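Novice: Could you have a look at this structure, given as structure tokens, before my questions?
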Amino acid sequence: MVPADQDGGVMRTDPLVETVPGLDEALAAVDSFDQALVDGLLRPRPDRAAALAEFGLAVAGTPLAARVADAAGRTADGSADEDDFTALAAARTALLGSVHDALMSRVGEATGRPRGVAAEIPAAESRPTANLQAAARSWLADLARAGWQGMDHDVVSGAAPVVSAMLPDPVLRRLATLLDGFAAELAASCPGAALERVPARRWADLWSRAMLLTLPGAAEVPVTGTATGRLLSLGVDLHEHATAVQAQVHAVFEPADGTAPRLVRAGMAVPKPDTVVGAGIWQLLRPHMSLLAAVGEGRSMVLDAMPVTGEGDLIWCDAHARPGESADAFVTARVALPTATDAVTAPLDRHPARIAVPVFLEGYAAQQSDDVLTFTVAGHPLEVDTDRIPAAGPLTPEAVAGSGACIALLRWDAGRYRLQPLAVETTVRKKSVALHAGGWAGGTTDKAGARAEKAATDAVAVLRERAGRLLRK
């Protein structure tokens, strides 16, 4: 990428490899709390009680200091209540938020792009859902008291009635989905006492986020405006699970009023049968988002008053969009991306794992060592996360290794920055071609993709026929 302030130079990588002051200390404080959650907060061991006190000191000098110190003290003596656990979850989230901000500051130095300004968030409206949120908070508190090693099916199953009651309410569905997935993951690991390895960071992340989403208004994502102009896709980030799939399109939005372009996202998630895999998953997503067809065809989209959040997430509705002219993602990456304003991060989304910043690279040297692919960019190595390349597209690790230009998401994972390829320019049979992770989003004539599509069509037809038969009965 060629940032505007670097006189035509390539993307800087030195800020991405330098030590970030205070990062290790912040993560160590988070780890101390996470280990306390492993054992349980009902009656912490003396060493865990001391760690909780140290955790409280990590937010000294902040508005949370006094409240968290009291909560840590009551937790250490076994008298903590749900409000105390909420305060501890808030402190943990704040610490990881500070890590996120420090890492994003380095990303900003590397890309040279301007940062967006947070929009004013309207006050949350009063809603008659407090009882359900309180019930969810009560279950999460019971879970924290038991700890990951003390949990059993009786404790975990307490989430089921809460989730069932929340799902019909669109505003609470975000929290309900989180609780449902979290409980399913815990149930698959019960009893906790038999676990050889506990994913302490992951489960503490889910627990903390769920605790804060039970607070009034926290789960709502307010729409702060509308977008009218041209949408130029950069690539598709695909997330596939056994029972659900999500496609998130990263794009540059050029407002019709001539103001500065900015980075936005448009996402769609749908449930899926576990028999639909590979390229077949696009069949489940396409009916809900015309943008995917445009991505597959290499076209822009023209938006008219598309709802958008302050964080740059388009609330996609096909009624507010129509296909535009042809648009090459690599032209967009070379011309429009360097001057686009980066999206703002919502307060509860400030977490290192949520970092996913579009970047453009070329002129790098690729090295393959065992299973690790590395791009040397501006004299510094960046590891490429080829495991994130989806099977539902023509992009392959081999194509990435032989590429000369790459559109990627810059992420932070396991203590270092890594690249997730979205598209590459490479040479196939002496011809330069572009391969995209979302290249089959709108359909494909590729033999492998077509076979997967046909298999998925057959599987979906059988499932629909069986579902219809059950409904008729």
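What follows draws every value from the coordinates through simple rules; no lab data is involved. Just so we're clear, the structure is a prediction, and the values are computed from it rather than from any experiment. Cβ coordinates were reconstructed from backbone atoms using ideal geometry, including for glycine residues, and neighbour counts include every protein chain displayed.
Novice: Would you mind checking which residues have amide H under 5 Å from G40's amide H? H placed 1.01 Å from N; only 5 or more apart, or other chain.
Specialist: Result for G40 returns W148.
Novice: Across bins of 10 angstrom width beginning at 0, how are the C-alpha pair distances of segment 223-339 distributed, in whole percent?
Specialist: 14, 47, 30, 9, 1
Novice: Right, something else. Packing-wise, with mean Cβ within 10 Å as the measure, how do 422-435, 371-384 rank, highest first?
Specialist: So the order, starting with the most tightly packed, is 371-384, 422-435.
Novice: Applying 1/(1 + (r/R0)^6) with R0 = 25 Å to the Cβ-Cβ distance of R115 and E25, what FRET efficiency is obtained, to the nearest 0.05?
Specialist: 0.50
Novice: Now, a different point. Using 7 Å Cα-to-Cβ label points, what is the N131/A244 separation (nm, one decimal)?
Specialist: It is 2.6 nm.
Novice: Given the C-alpha centroids of segment 142-189 and segment 15-46, what is the distance between them in whole angstrom?
Specialist: 24
Novice: From the phi angles alone, apply the Karplus equation (6.51, -1.76, 1.60; θ = phi - 60°) to segment 388-399 and give each ³J(HN,Hα) in whole Hz, x where the residue is Gly or Pro.
Specialist: Karplus-based 3J(HN,Hα) across segment 388-399 equals 7, 6, x, 6, 8, x, x, 6, 10, x, 5, 5 Hz.
Novice: Please label the shape of segment 342-473 as rounded, prolate or oblate, based on the square roots a ≥ b ≥ c of the eigenvalues of the alpha-carbon gyration tensor (a/c under 1.5 means rounded; beyond that, a/b larger than b/c means prolate, else oblate).
Specialist: The shape class here is oblate.
Novice: Place +1 on the Cβ of every Lys and Arg and -1 on the Cβ of every Asp and Glu in segment 123-221, take the dipole about the Cα centre, and give the residue among S164, Q133, L213 whose Cα lies farthest towards its positive end.
Specialist: Going by the Cα projections, it comes out as L213.
Novice: Another question, then. Read phi for every residue in segment 400-413 and hand back ³J(HN,Hα) as whole Hz from Karplus 6.51 cos²θ - 1.76 cosθ + 1.60, θ = phi - 60°, with x for Gly and Pro.
Specialist: Karplus-based 3J(HN,Hα) across segment 400-413 equals 5, 5, x, 7, x, 8, 8, 9, 9, 9, 8, 10, 10, 9 Hz.
Novice: In the chain, what is the count of Lys pairs whose alpha carbons are under 30 Å apart, counting only pairs at least 8 residues apart or on separate chains?
Specialist: Taking the Cα cut-off of 30 Å, the pair count is 7.
Novice: Per DSSP H run of at least 4 residues, take -39500 (n - 2.57); add these up for the chain, divide by its residues and hand me the 222 nm value, nearest 500 deg cm²/dmol.
Specialist: -11500 deg cm²/dmol
Novice: Something else: How large is Rg over Rh for segment 368-426, taking Rg from the Cα atoms and Rh as the Kirkwood inverse mean of 1/r across Cα pairs?
Specialist: Using only Cα positions, Rg/Rh for segment 368-426 is 0.93.
Novice: Could you calculate the contour length gain from D304 to V335, that is, 0.36 nm times the residue separation minus the distance between their Cα atoms, to one decimal place in nm?
Specialist: 8.8 nm
Novice: How much length is gained if the chain between A461 and L215 is pulled fully straight, taking 0.36 nm per residue apart and subtracting their Cα-Cα distance, in nm to one decimal?
Specialist: 84.3 nm
Novice: Would you please put 17-30, 157-170 in order of how densely packed they are, using the mean number of other Cβ atoms within 10 angstrom per residue and starting with the highest?
Specialist: 157-170, 17-30
Novice: Express the Stokes-Einstein translational diffusion coefficient of the chain in µm² s⁻¹, to the nearest whole number, given a Kirkwood radius over alpha-carbon pairs, 25 °C and a viscosity of 0.890 mPa s.
Specialist: 102
Novice: Whose amide H sits under 5 Å from the amide H of V245, counting only residues 5 or more places off or on another chain, with H placed in the peptide plane?
Specialist: Under 5 Å from the amide H of V245: V270, K272.
Novice: Could you tell me the extents of segment 328-396's C-alpha atoms along the three principal axes, largest first, rounded to whole Å?
Specialist: 39, 31, 30
Novice: How would segment 393-458 be classified by its alpha-carbon gyration tensor: rounded, prolate or oblate, with rounded meaning a/c under 1.5 and the a/b versus b/c comparison settling the rest?
Specialist: Note, shape of segment 393-458 comes out oblate.
Novice: Between D274 and K431, what length in nm is gained on full extension when 0.36 nm per residue of separation is reduced by their alpha carbon distance?
Specialist: 52.8 nm
Novice: When the distances between all Cα atoms of segment 123-221 are binned every 5 Å from zero, what whole-number percent does each bin get?
Specialist: Bin by bin from 0 Å, the calculated values are 2, 13, 27, 25, 16, 9, 5, 2, 1, 0.
Novice: Continuing with the same structure: Ordered by residue, what ³J(HN,Hα) values in Hz, to whole numbers, does segment 225-239 give under the Karplus form 6.51 cos²θ - 1.76 cosθ + 1.60, where θ = phi - 60° and Gly and Pro are x?
Specialist: x, 10, 10, 10, x, 10, 10, 10, 6, 9, x, 10, 9, 9, 10
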